[in-house]
Amino acid sequence: MILTGVLLAVIGLGLVGWFAARARARLLYTGRGSMHSMPGYHGWHMALWILVPGLLTWAVWSGIMPGLVNGAVMADPAAAQLPAEEMHRAAILAEAQTLAANPDAVAFDAKSQALAEPMRAAQTRFGFMGAALILIAALAGGGYGFTRVRARFPARTHVERAVLALLLAASLMAILTTFGIVASLLFEAGLFFKDVSPIAFLTGTHWAPGNARGVDIDGNFGAVPLFWGTIYIGAIIAMLVAIPLGLMSAIYLTQYASSTVRKWIKPTLEILAGIPTVVYGYFAALTVAPIIRDFAGSLGMANPSTESALAAGLVMGVMIIPFVSSMADDALAAVPRAMSDGSLALGATRSETIKKVLLPAALPGIVAGVMLAISRAIGETMIVVMAAGASARLSANPFDSMTTVTYQIVQMLTGDQEFNSPKTLSAFALGLVLFVVTLILNIIALRVVKRFREAYE
Amino acid sequence: MTETKLTARNVDVFYGPKKAIDNVSIDIDNGIVTAFIGPSGCGKSTFLRSLNRMNDTIAGARVTGEILLDGEDIYAPTMDPVALRARVGMVFQKPNPFPKSIYENIAYGPRIHGLAGNKADLDVIIEQSLTKAGLWDEVKDRLMDAGTALSGGQQQRLCIARAIAVSPEVILMDEPCSALDPIATAKIEELIDELKENYAIVIVTHSMQQAARVSQRTAFFHLGNLVEYGETSEIFTNPREEKTKDYITGRYG
Ligand SMILES: Nc1ncnc2c1ncn2[C@@H]1O[C@H](COP(=O)(O)OP(=O)(O)OP(=O)(O)O)[C@@H](O)[C@H]1O
Ligand SMILES: [Mg+2]
């Protein structure tokens, strides 16, 4: 509570500092060239000197204060009868914290009631201590900043540098997050592979994590059926739909369509890419899947299941069309017009030119687009969750229900979970495999595209 | 020896609403080189492209008037632009070999038009075309190398060989030497001089010297109009029009 107030105070101080420094700089300003930087920059420079130390101190204090408070509470005699077990103790402390903030709440555990008062006292004490530190930091920074308001002081350069640092920090954020995700994946997958051998996981063909107990644990974590389902649905069925349709629509749009037609079709295709995947998911589950089941029945299949690889793959293919088409569109557009002119001037027809000159020249770009599309398809989750089914099965029959890596990850991590059981941890191992495969596909595709671009520059 | 190959009568070319060529009439003869000269943007390329209907490939481009090839209207509904372009070949400003082997670059046209019955015939066409283009000795040992791996001058001669391979009657060249150094340029000019025996050749150029060296007739374009057309020697020594004189003496603009 106190800290939130202090945060607002620091921001207010920054505002005051901005006005004060600017006003002072204006007094110094006597005409063009009389100052290195315009008064506004002095204002920003001052504000930064208040905000940066103040906010940094605030962030650090917010980070360490809970530890300090807990330490103080644990030192209290009332804490002596706390259970030794870590999790239980943490629960009681958390409850005490709630009670401290909200005295009228009913205690679930009596022990926490006793701790509420010491908790509140410690919070107030450390809160004021932190507030004092933060304000001192902000005021000290501001005081220093104010002394720098001089005619020759290069406030502009300093502010520009601060902006640069801010932008850099923003871009590093995304990268750091990625690293964080990879690190957590690696860590959790490592825990999983302590229990299950990686070889059994990557080559085994029996997937039944629910039965995995004791000695035969390796035998129930064979992920090959999941890999197969993923590839069959995402890289085979979906691509059989997306590649021809996407490629043909790209050829039509770049080579034949008049600019008016293009103006209508392109945005429409892009809308297709903007439909939430969950909408595709229920379209697959409620519309396409029953049709396919009936069709399978009419082919003479006994008991066709509603969920099928075909339903999920077809709808996923449709979802990917705009992606393939826009990559192929780019690749075709990157082939210089001189190429097709050369061919047309020899008396080739437009379709001969497309088939024999444009497509071969654009092939690397198209292949790269397809790879990106595959990496997208195998990571797709909603459609397979809703339409592909849960049975881990090695089958080439598209009417069979199949499961995928993403589906199993969802299964393992939703609902009641035993934490740290191999079953839960297997989600991370699957995630790691998925991550590595898509990463490789993306790297190769980007390389190919880059080479291809260079070839025409 | 000079018979008329191409006849243009009152030709206008539009890009959308914009008129790029205004009422041009010209006769282009067989067996000689005709040069188109004129300041940038005056419509030389536009007019050249209307002679083999390459303007058809540009959205919004429109040609009116009459253009006859051996007396046959090339814009008549019965005329197939694809067949026309096999008779009226074109070489572009920037060498544009296909990203295929040298062999495949030349074989492309003959294959499309079914000119060779078998591989042996095709090989003959390829050797003849490359020889005519003066490139055979330089590439005969590496026909399977990429056409794009040749030097700029060699690439341009490859493009000429590619055009010759479909046995055209007319060859249109749009500034074929502007991307080349003087030595490669000299080779191409020599080549043009040899080729004119068998084809009607039209060349667009910005170099007065080149026009004077290779052409027998010169047409001077200005702002979409054909200002003057006549024997090259006449145009360069004794132009009738003031504008032509200004242009060739470099006093233009
Ligand atoms: N594809 C096109 N669309 C619209 N206008 C065009 C197009 N191509 C050429 N033009 C216009 O037509 C006019 C003639 O252009 P053209 O390319 O024929 O000139 P040029 O004499 O060949 O010039 P240069 O010597 O620079 O090659 C110019 O005004 C040009 O802007
Ligand atoms: Mg031109």
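Values in this text are rule-based calculations from the coordinates and carry no lab data. Bear in mind that the values here come from a model prediction, so they are computed numbers and not experimental data. Cβ: placed from backbone, ideal geometry, glycine included. Neighbour counts: every protein chain shown.
List of remarks:
- Looking across region B:24-48 at every residue that is closer than 16 Å to residue B:68 by Cα and within 8 Å of ligand 1 (Cβ to nearest atom), the one that is nearest to the other protein chains (Cβ to nearest Cβ) is identified as B:48.
- Helices (runs of 4 or more DSSP H) wholly inside region B:31-141 that include at least 3 residues being within 17 Å of the chain's Cα centre (by Cα) and over 22 Å from residue B:15 (Cβ atoms): B:81-87
- Applying a threshold of 8 Å to beta carbon distances and a minimum spacing of six or more residues, or different chains, the list of pairs starting in region B:50-61 at a residue that is more than 9 Å from chain A (Cβ to nearest Cβ) and over 15 Å from residue B:76 (Cβ atoms) and ending at one that is of a type in the set (A, V, I, L, M) and near ligand 1 (Cβ under 10 Å from one of its atoms) reads B:55/B:13; B:55/B:61; B:61/B:13.
- Scan of region B:10-23 for residues that are within 12 Å of ligand 1 (Cβ to nearest atom) and either among the β-branched types (Val, Ile, Thr) or in contact with a Phe, Trp or Tyr (Cβ under 9 Å, 6 or more places away or on another chain) (or both), ordered by number: B:13, B:20, B:21
- Of all residues in region A:145-198, those satisfying the criterion of being in contact (Cβ under 8 Å) with a residue 40 or more places away in the chain and outside any helix (DSSP H, G or I) are A:148, A:149, A:150, A:151, A:152, A:153, A:154, A:196.
- For the condition under 28 Å from residue A:313 (Cβ atoms) and surrounded by fewer than 19 Cβ atoms within 10 Å (Cβ to Cβ), residue A:260 does not qualify.
- Scanning region B:175-214 for residues that are away from ligand 1 (no atom under 16 Å from the Cβ), closer than 27 Å to residue B:246 by Cβ and touching a Lys or Arg at 6+ places or on another chain (Cβ under 9 Å) gives B:189, B:214.
- Any hit, region A:204-222, residues being within 16 Å of residue A:436 (Cβ to Cβ) and in contact (Cβ under 8 Å) with a residue 12 or more places away in the chain: no
- Residue in region B:20-27 that is in contact with a Ser or Thr (Cβ under 8 Å, 6 or more places away or on another chain), within 13 Å of ligand 2 (Cβ to nearest atom) and hydrophobic (A, V, I, L, M, F, W, C) present: yes
- Test result for residue A:402, part of a loop (DSSP other than H, G, I, E, B) and buried (at least 19 other Cβ atoms within 10 Å of the Cβ): yes
- When A:17, A:71, A:54, A:43 are checked against the criterion of being closer than 25 Å to residue A:134 by Cα, assigned to a helix (DSSP H, G or I), under 34 Å from the mean Cα position of the chain (by Cα) and among the small types (Gly, Ala, Ser), A:54 stands alone in meeting it.
- Only one entry of A:297, A:313 meets the criterion of being farther than 30 Å from residue B:101 by Cβ and out of contact with any Gly (no Cβ under 8 Å at 6 or more places or on another chain), and that entry is A:297.
- Taking every residue in region B:165-194 that is of a type in the set (S, T, N, Q) and pairing it with any residue that is within 16 Å of ligand 2 (Cβ to nearest atom) and in a loop (DSSP other than H, G, I, E, B), at least 6 positions away or on another chain, the pairs with Cβ-Cβ distances below 7 Å are B:178/B:93; B:178/B:206; B:185/B:177.
- Residue count for region B:74-119, restricted to those that are among the aromatic types (Phe, Trp, Tyr) and more than 8 Å from chain A (Cβ to nearest Cβ): 2.
- Just so you know, in region A:221-262 the residues that are assigned to a helix (DSSP H, G or I) and in contact with a strand residue (DSSP E or B) (Cβ under 7 Å, 6 or more places away or on another chain) include one that is nearest to residue A:379 (Cα to Cα), and it is A:226.
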